[in-house]
Amino acid sequence: MSAPLFLVDELPVGSAYTLDGPEGHHAATVQRLRVGEVLVLADGRGGSATAEVTAVGRGSVEVTVTGRATVPAPDPRLVVVQGIAKGDRGELAVQAMTEIGVDEILPWAASRSVVQWRGDRGFKARDKWASTAREAAKQARRSWLPRVGGDPDCSTKQVAARLAEAAAGFVLHEEATERLSIATLPATGEIVLVVGPEGGISDAERAAFEAAGATAVRLGREVLRTSTAGVAALSVLSARLDRW
């Protein structure tokens, strides 16, 4: 079993380090690490350090760094525009997409989104997505923590602007004729993928995204839920880009 990963703001400079705070509590109290066990410290920006536990306290562990590594930023970069969904479907999508390898997630206030993020509720919902992505990144042992954008969400106009700047943009749509599995992919830059909410993407939204340079694509004959469509599409892209 691979060593557990803990996220820190900055990697230790020397060999000795104290992991405290919420991560230290999780290591000492929840995972109950013991002296001699190995863990990984990661800054979420590609840097990591392998360390061995030398002492366990109340809510903290002392470690000795035994190795360091740096993982370059993925290129092309995978960005998913996720239509805001009701219930926990959005969080399920964020969790699974993070495990698959998404680099950035943008909450999208689509016209057919049942739930609308407004005021403090919206910021709390966005922060919940970010927290879900953080925990999923730790579970997946990711060196790069995916970013969750939005203020607290993105409008259709903002999504179109992001698509216009991307190296490639794709909109998942059940009526599309082109398949994502054979669509032309860039060698570098940003690939932006749009996933609609439960009610789907409206004709006006599709037209706006295509006008911005995006291509409507499908995965297969089946119609997937909003919580699984992005995961399936990322799997296709990850295989085609040799991430897998």
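Derivation of every value follows stated rules applied to the coordinates shown; laboratory data play no part. The shown structure was predicted, so the numbers you read here are calculated from the model rather than taken from an experiment. Virtual Cβ from ideal backbone geometry, glycine too; neighbours counted across all protein chains shown.
Tabulated results
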read-out	value
Cα Rg, Dmax (largest Cα-Cα span) when computed across the stretch 1-131, Å	18.2, 54
For the stretch 41-164, share of DSSP beta bridges that run antiparallel, in % to the nearest 5	60
Sorted by Cβ neighbour density within 10 Å, fewest at the top, the residues H25, H173	H25, H173
Antiparallel bridge percentage (DSSP; both residues within the chain; nearest 5)	40
Relative contact order %, the chain, counting alpha carbon pairs below 8 Å whose residues are six or more apart	20
Alpha-carbon Debye profile of the stretch 104-244, log10 I(q)/I(0) at 0.12, 0.13, 0.20, 0.22 Å⁻¹	-0.50, -0.59, -1.43, -1.62
L185/A69 FRET efficiency (R0 25 Å; Cβ-Cβ; nearest 0.05)	0.35
Computed over the stretch 44-181: relative contact order in percent, which uses C-alpha pairs under 8 Å that are six or more apart	23
Whole-number Å³ per residue for the convex hull built on Cα positions in the chain	133
Label zone at R118, where the point sits 7 Å out along the Cα-to-Cβ direction: the stretch 128-164 residues whose backbone N lies under 17 Å	152-155
Scattering curve values for the stretch 5-70, log₁₀ I(q)/I(0), Debye with Cα scatterers, q = 0.18 Å⁻¹	-0.54
Computed FRET value (nearest 0.05) for E174 with D127, which takes r as the C-beta separation and R₀ as 45 Å	0.90
Potential extension, E52-M1 segment - 0.36 nm per residue separation minus Cα distance	16.8 nm
